Amino acid sequence: HQVRYFLSVARTLNFTAAAEECHVAQPSLSRAIIKLEQELGGDLFRRERSLTHLTDLGRLMLPLLTQCYDSANAAKSLASSYRQGTSAPLCLALSHTVNLQLLIHPLTELVKAFPGLELKFQRGKAGEVADALKQGEAELGIACPLTEPWDRLESWVLFTERFELAVPKLHPLAMQNSLTLASIGKHRLLPRGYCEQAGDLARILEAQGLAQDFHDTIASDHDLTALLAANIGLSIMPPSATGSDSLRTLPLADLELTRPVVLYAVAGRQRSPAATALLRLLRTADWPAILERGAPQSQAVATARRQTSTALRRG
């Protein structure tokens, strides 16, 4: 109030007019400015009946107190927006193996409801996703099942999908309906060491006498799909993780490996309105339809799969 009153008098150079502008009695305004002068150690105005004007100290303080007042108003406005959820930042912790493309529709709907929302994303392994939630760095997390559960975490399985063989669309295997592990033994397999199921897959392949061509530099599905698209090798991964129209995923008939993708939140911790809304959007989303839209399959392969599925049902 002291700063607001000072700025009003500095603008009007009239204590009576400033008091009216600030909707306060003139004695109250004068007392507030005197207190401010005492705090700053000098007069801010030369009080002359019709020639009130700023002192040298007043002119020196004017830009600083203007900035102070504007910053205080901005902080108050931001806090109000945060309470209403209109401009609060929302941080999501995502596993390296979760394709952000799957979340585009829910996030688009969220931004429509909260136009000023600032989205932040953290990437990491499942354990790092859990740490981000525990430390309050993220409000929601999406990853595969955690190896070290925390009793305060609430969880909801969004969808479950099988691991399949990812190949370039021009690869000789691309038009196959289904393969077996033995049929891909002669091909170079690129691993996903950052995947939560990497150990399980390695054990399955080892039991079949197959080995992966390890590349320590592959740190994400983005890097891996670039190598696959360049026909440098093949990889076994969930179809939703490919995120590339230049790749196809083919079922492996004898590979019984699936992954659930799980939404996590901390129980008992207050959530922002945006986080609550996104949690609801993700839990009610039509994930089979989202996965179908996101699957980068050619029309021929998709048709062949539907025909095979229909034939199996009839048979």
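The values are calculated or read from the model by the stated rules, or taken from the named source; none is laboratory data. Source: prediction; values computed, not measured. Note that each Cβ is placed from the backbone with ideal geometry, even for glycine, and that neighbours are counted across all protein chains shown. For the accessible areas, the whole protein counts, side chains as well, though only heavy atoms, and no ligand, DNA or RNA atoms are used. Shrake-Rupley method; radii C 1.70, N 1.55, O 1.52, S 1.80 Å.
Couple of notes before you dig in:
- One residue from 217, 276 being part of a loop (DSSP other than H, G, I, E, B), over 22 Å from residue 178 (Cα atoms) and either of a type outside the set (Lys, Arg) or at pLDDT below 90 (or both): 217
- All of 165, 90 fail the test of being at pLDDT 90 or above and closer than 22 Å to residue 267 by Cβ, apart from 90.
- Subset of segment 87-119 that is open to solvent by 50 Å² or more (accessible area, probe 1.4 Å) and assigned to a loop (DSSP other than H, G, I, E, B) - its residue that is farthest from residue 136 (Cα to Cα): 115
- Condition met for residue 159 (farther than 30 Å from residue 276 by Cα, surrounded by 14 or more Cβ atoms within 10 Å (Cβ to Cβ), in contact (Cβ under 8 Å) with a residue 24 or more places away in the chain and among the aromatic types (Phe, Trp, Tyr)): no
- Among the conditions (1) more than 20 Å from the chain's Cα centre (by Cα); (2) on the phi > 0 side of the Ramachandran plot, the only one that residue 136 does not satisfy is (1).
- Filtering segment 188-211 to residues that are within 25 Å of residue 245 (Cβ to Cβ) and either open to solvent by less than 50 Å² (accessible area, probe 1.4 Å) or in a helix (DSSP H, G or I) (or both) leaves 189, 190, 191, 192, 194, 195, 197, 201.
- Helices (runs of 4 or more DSSP H) within segment 1-55 that include 2 or more residues over 17 Å from residue 69 (Cβ atoms): 15-21, 26-40
- The residues on offer are 234, 263, and the sole one that is farther than 14 Å from residue 164 by Cβ, touching a residue at least 40 places away in the same chain (Cβ under 8 Å) and either open to solvent by less than 10 Å² (accessible area, probe 1.4 Å) or among the basic types (Lys, Arg) (or both) is 263.
- One residue from 203, 259 being touching a Cys at 6+ places or on another chain (Cβ under 7 Å) and modelled with pLDDT of 90 or more: 259
- Within segment 166-186, being under 18 Å from residue 244 (Cβ atoms), part of a loop (DSSP other than H, G, I, E, B) and in contact with a strand residue (DSSP E or B) (Cβ under 8 Å, 6 or more places away or on another chain) holds for 169, 171.
- Answer from 281, 247, 257, 252 - the residue that is surrounded by fewer than 22 Cβ atoms within 10 Å (Cβ to Cβ), under 26 Å from the mean Cα position of the chain (by Cα) and touching a residue at least 60 places away in the same chain (Cβ under 8 Å): 281
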